[in-house]
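My questions all concern the structure below.
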Amino acid sequence: MQPGPNVTPHELIGGDKSVRLLVDMFYDLMDETPEYYVIRKLHPADLTGSRDKLYMFLSGWLGGPPLYTDKFGHPMLRARHLPFAIGNAERDAWMACMTRAAETVISEEKLRAWLLEQLYKTADWMCNREG
């Protein structure tokens, strides 16, 4: 099942509860899995703020409540991430971690594939250095 004019990705995924679960699973994996250290080291020791910001961002990005823009304004993703060196290794680790989280939270394979494809486009766009 894919999003369309009558149903948002946010609804298809399962709403706020599923978005929060996806984000929590992502950060738990990132914090506990050595393969994701390349992205973990870009975050503060306390991941609470990062969890909340990604949850708020994904909520609106997926067509749910615009929590991030209501609180912080336009996300300006690339500009906000410019202080961090993000290359292919960071992009790939972020996507691997998100893929594992999505496999746990989103059971419908086509929806999960669609979401990961969209996230990859964004993750790739965030790259700001070679390699």
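Please give the length that would be gained between Ser50 and Thr69 if that part of the chain were fully extended, namely 0.36 nm times their separation in residues minus their C-alpha to C-alpha distance (nm, one decimal).
5.3 nm
Suppose a student asked you for the relative contact order of the chain, using Cα pairs under 8 Å spaced at least 6 residues apart; what percent would you report?
Relative contact order here is 31 percent.
Follow-up question, since we're still on this one. Enumerate the lysines that Lys17 could reach by cross-link, defined here as Cα to Cα under 23 Å, with residues fewer than 8 away along the same chain left out.
Lys53, Lys71, Lys110
Taking the Cα centre of the chain as the origin and placing charges on Cβ (Lys, Arg +1; Asp, Glu -1), which of Ile13, Pro83, Met56 is farthest toward the positive end of the dipole?
The residue sitting most towards the positive pole is Pro83.
State to the nearest 20 debye the size of the charge dipole of the range 14-93 about its Cα centre, where the only charges are +1 on K and R beta carbons and -1 on D and E beta carbons.
320 debye
Every number here is computed from the coordinates shown, using simple stated rules; none is lab data. Everything numeric in this text was worked out from a predicted model, so none of it was measured. Glycine gets a Cβ as well: all are built from the backbone with ideal geometry, and neighbour counts include every protein chain shown.
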